[in-house]
Amino acid sequence: MKKYLFSILITFISIIITLLITTTLYYFNIINHTTYNILKIILFIISLFINSFILGKKTSKKGYLEGLKLSLPIIILFLIISLITNNFKPTIIIYYLIILITSIFGSMVGISTKKEL
């Protein structure tokens, strides 16, 4: 349980940092709106993949389950926020599926690259 909370915390910290950087670039007109939206999604997916990869390296078996355990709290939190703010659209389900698949794939890659003793 402790490693999942730590992984989720690291994921949220990396998300906040990447969003802060992209928002600052957008605020100073270094990037346009379309680039901002694309960069925001790509950086989130990359940070989630890296964190699930690290989590997969720390586990011994069933990498897909570890990725699922990492991504489900994030998806549930985002779903609650989007429902509260009335920002839920049918296309957001695709975004949540991408988050789920990225996390599962990252932890599976992490567990498969672990060196056997």
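Overview of values
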read-out: Compactness of the chain - radius of gyration and Dmax, Cα, Å; value: 15.3, 51
read-out: Shape parameters for the stretch 1-56, alpha-carbon atoms, Rg then Dmax in Å; value: 13.0, 42
read-out: Residues Y36 and V109, FRET efficiency given R0 of 22 Å [Cβ-Cβ distance, rounded to 0.05]; value: 0.20
read-out: Taking the stretch 1-109 and dividing mean pair separation by its residue count, relative contact order in percent (alpha carbons under 8 Å, at least six apart); value: 35
read-out: Chain lengthening between I75 and L25 when straightened (0.36 nm per residue, less Cα-Cα); value: 15.4 nm
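Since every read-out is calculated from the coordinates, none of them should be taken as a lab result. Please read these numbers as outputs of a predicted model, since none were measured by experiment. Positions of Cβ are backbone-derived with ideal geometry, glycine not excepted, and every protein chain shown enters the neighbour counts.
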